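A quick write-up on the structure given underneath.
The values are calculated or read from the model by the stated rules, or taken from the named source; none is laboratory data. None of these values were measured; they are calculated from a predicted model. Neighbour counts are summed over all protein chains in view; Cβ atoms, including those assigned to glycine, are modelled from backbone coordinates with ideal geometry.
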């Protein structure tokens with residue numbers, strides 16, 4: 001009796017899209033859980049937070065829009081463009097999330113350090129998957 005489970009190879013585009021989706025969920029969880037940090041909500045109401053002016057808010061919005069768009073762009077762009085765009089963006093976000101994690105080390109933000117570690121790990125995997133994009137025969 002054969003006990004080996006059937007499996008199939010998942011296209012690299014779908015893998016990348018799924019990884020970008022996972023990354024976005026972690027970003028959203030981090031922002032949501034941060035609302036439980038003491039004085040965070042109070043700071044949102046009185047304007048004393050990191051995104052306390054329109055330009056900072058726009059830059060944060062623009063930056064975090066990129067991985068969200070990569071969920072879709074990984075599926076539709078030409079393979080060569082997808083490979084290089086994905087690799088470059090993954091390097092940027094690996095460094096970005098690593099720095100966020102390092103700068104968040106505190107008792108109430110240890111969850112952020114954990115999420116940043118996972119996010120950096122995922123962006124490294126995204127880079128490796130893109131860099132090793134399979135060639136046609």
- Scope region 33-65; condition under 29 Å from residue 17 (Cα atoms) and in contact (Cβ under 8 Å) with a residue 24 or more places away in the chain; matching residues: 33, 34, 63, 64
- Query: Is it the case that region 98-120 has a residue that's free of Cβ contacts under 8 Å to residues at least 60 places away in the same chain, over 19 Å from residue 26 (Cβ atoms) and in contact with a helix residue (DSSP H, G or I) (Cβ under 7 Å, 6 or more places away or on another chain)?
  - Reply: no
- Residues of region 9-25 being surrounded by fewer than 13 Cβ atoms within 10 Å (Cβ to Cβ) and either more than 18 Å from residue 94 (Cβ to Cβ) or in contact with a strand residue (DSSP E or B) (Cβ under 9 Å, 6 or more places away or on another chain) (or both), in sequence order, are 9, 10, 11, 14
- Unmet requirement for residue 80, which otherwise passes all of (1) surrounded by 15 or more Cβ atoms within 10 Å (Cβ to Cβ); (2) assigned to a helix (DSSP H, G or I): (1)
- Query: Looking at (1) in contact with a helix residue (DSSP H, G or I) (Cβ under 7 Å, 6 or more places away or on another chain); (2) under 18 Å from residue 24 (Cβ atoms); (3) modelled with pLDDT of 95 or more, which is the one condition that is false for residue 72?
  - Reply: (1)
